[in-house]
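Read through the structure below, which is laid out as structure tokens, and then see the notes.
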């Protein structure tokens with residue numbers, strides 16, 4: 001994976017725009033996750049979800065998180081780097097754990113092992129979907145093929 005630094009270009013704006021495009025979606029998504037976790041007493045009934053659907057919301061929110069995180073780490077890469085896959089899964093599950101722990105300090109909120117399980121399943125699924133998407137992009141690129149590292 002090519003590392004782009006400010007020294008690589010005469011104009012720093014190219015580097016800045018490249019990094020913003022790469023990481024801003026994930027940053028916004030994490031802010032959204034923790035903002036929702038900060039609302040005292042927020043429950044699935046408050047947002048009119050049928051009973052049990054909150055687990056699907058946990059799964060989807062962390063599926064998207066993992067896909068954005070993988071995209072940020074592998075942006076422009078022409079190889080599937082399994083170290084990135086492991087980093088996304090491990091740190092994604094850690095973020096989910098921190099989110100659940102954070103909720104336990106918010107009034108009228110609690111943490112749940114079931115929520116953490118769905119968050120973790122979302123991280124794993126999102127990572128695998130991101131890898132699949134990456135493989136398909138590599139195969140689609142002219143003159144390139146997927147390479148395992």
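The values are calculated or read from the model by the stated rules, or taken from the named source; none is laboratory data. For clarity, every value in this text was computed on a predicted model and none was experimentally measured. Every residue, glycine as well, gets a Cβ built from its backbone with ideal geometry; the counts of neighbours run over all protein chains shown.
Scanning segment 81-107 for residues that are under 27 Å from residue 137 (Cβ atoms) and surrounded by 17 or more Cβ atoms within 10 Å (Cβ to Cβ) turns up 81, 84, 85, 88, 89, 92, 93, 95, 96.
Do we have residue 72 as touching a residue at least 40 places away in the same chain (Cβ under 8 Å) and either assigned to a strand (DSSP E or B) or crowded, with 18+ Cβ neighbours inside 10 Å (or both) here? Spelling it out, residue 72 is indeed touching a residue at least 40 places away in the same chain (Cβ under 8 Å) and either assigned to a strand (DSSP E or B) or crowded, with 18+ Cβ neighbours inside 10 Å (or both).
Scanning segment 108-118 for any residue that is within 30 Å of residue 140 (Cβ to Cβ) and touching a residue at least 24 places away in the same chain (Cβ under 8 Å) turns up nothing.
Let's see how each residue does on (1) at positive phi; (2) within 19 Å of the chain's Cα centre (by Cα); (3) at pLDDT 80 or above; (4) surrounded by 13 or more Cβ atoms within 10 Å (Cβ to Cβ):
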site: 32; (1), (2), (3), (4): no, yes, yes, yes
site: 36; (1), (2), (3), (4): no, yes, yes, yes
site: 39; (1), (2), (3), (4): no, no, yes, yes
site: 45; (1), (2), (3), (4): no, no, no, no
site: 48; (1), (2), (3), (4): yes, no, no, no
site: 51; (1), (2), (3), (4): no, no, no, no
site: 58; (1), (2), (3), (4): no, yes, yes, yes
site: 63; (1), (2), (3), (4): no, yes, yes, yes
site: 68; (1), (2), (3), (4): no, yes, yes, yes
